[in-house]
Amino acid sequence: MLKSRVVILFLSVVPVFVACGDSLTVQVVVDGTDGQRAVDNHEVQFLPFDRDSLFAVITAQASEPEPQMPADLQRAADSTLALQETWRQAEARWNGVRDSLRTIGEQLQGLDRRGREYRELFDRFNSVEGREGALDRQRQQSFDAFTGLQEATQARLDSVRAVVQAWEDLAFSDYGQIEDDLLEALGRQLVFDTTNADGYVTRSLSGGPWWVHSRANVAAGELYWNVITEGAADTLQLNPTNAELRRQY
């Protein structure tokens with residue numbers, strides 16, 4: 001029995017498909033320092049409906065329009081994230097050179113100061129030490145630029161976030177019941193599972209289609225997946241190319 005006006009509207013505008021069920025293997029990978037890496041012990045959800053379309057229907061039915069971030073604040077927030085990434089890269093370069101400097105210093109301790117190898121290694125130490133100092137200054141400058149802009153915009157960002165959160169709490173207050181009603185109307189249920197050590201999870205899925213949903217935090221924000229699959233016996237990889245990158249301000 002349809003109990004929700006949103007469910008009725010959702011089913012009227014979103015086509016419902018019927019397909020054969022089968023097993024589906026999903027792998028979750030994100031970008032790492034040396035290429036892509038698998039994400040283990042990570043939750044993956046299998047939904048018999050398009051959650052984004054349902055959210056769009058709920059948003060359209062809300063009593064007030066969804067609040068939007070002012071354009072100038074959006075630009076400032078994006079600039080803050082860019083400066084943060086610049087600082088992180090500078091920090092990584094500095095740490096790498098600092099480690100090299102430490103290694104050279106340890107090697108010098110076991111050498112005869114009068115020997116040629118010591119002199120050559122000592123000259124290298126001085127060269128690397130100069131580079132370490134320059135990178136340390138760059139790192140500090142990047143950090144100061146990032147934190148300066150962050151502090152200048154934080155109060156406004158907090159204010160906008162509070163307004164958006166209050167709107168979401170009201171607009172989606174009945175989401176749990178809406179989802180239950182929709183699942184009842186479809187005669188389907190949600191499926192949850194977690195990836196193994198290699199980032200894989202396999203589930204048998206009846207009916208169709210299914211939308212595979214997951215999220216993963218990365219340095220630039222959050223990777224958001226909502227990928228439709230017809231349930232074929234195949235492997236679906238959730239990776240940065242088929243994810244939506246959602247900035248976290």
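Some notes on this structure:
- Any hit, region 117-126, residues being over 40 Å from the mean Cα position of the chain (by Cα), outside any helix (DSSP H, G or I) and charged (D, E, K, R): no
- Residue in region 241-249 that is over 20 Å from residue 41 (Cα atoms), aromatic (Phe, Trp, Tyr) and modelled with pLDDT under 90 present: yes
- Options 30, 6: the member that is surrounded by 13 or more Cβ atoms within 10 Å (Cβ to Cβ) and at pLDDT 80 or above: 30
- The set of residues in region 180-221 that are more than 18 Å from residue 26 (Cβ to Cβ), of a type in the set (Asp, Glu) and out of contact with any helix residue (DSSP H, G or I) (no Cβ under 7 Å at 6 or more places or on another chain) comprises 180, 184.
- Number of the condition not met by residue 181 [criteria: (1) crowded, with 17+ Cβ neighbours inside 10 Å; (2) of a type in the set (Asp, Glu); (3) within 25 Å of the chain's Cα centre (by Cα)]: (3)
- The set of residues from region 122-177 being closer than 17 Å to residue 91 by Cβ, in contact with a helix residue (DSSP H, G or I) (Cβ under 7 Å, 6 or more places away or on another chain) and without any contact (Cβ under 8 Å) to a residue 40 or more places away in the chain comprises 131, 132.
- In region 124-145, residue farthest from residue 77 (Cα to Cα) [restricted to those that are surrounded by 15 or more Cβ atoms within 10 Å (Cβ to Cβ) and not charged (D, E, K, R)]: 125
- Residue that is nearest to the chain's Cα centre (by Cα) [pool: residues in region 195-221 that are part of a strand (DSSP E or B), closer than 13 Å to residue 238 by Cα and touching a residue at least 24 places away in the same chain (Cβ under 8 Å)]: 216
- Flag if residue 148 is exposed (fewer than 15 other Cβ atoms within 10 Å of the Cβ) and closer than 30 Å to residue 72 by Cα: yes
- Just one residue in the set 237, 177 is out of contact with any Phe, Trp or Tyr (no Cβ under 8 Å at 6 or more places or on another chain), under 27 Å from residue 31 (Cβ atoms) and either assigned to a helix (DSSP H, G or I) or of a type outside the set (Val, Ile, Thr) (or both); that residue is 237.
The values are calculated or read from the model by the stated rules, or taken from the named source; none is laboratory data. Computed from a predicted structure; not experimentally measured. Heads up, the Cβs are rebuilt from the backbone with ideal geometry, glycines too, and the neighbour counts pull from every protein chain shown.
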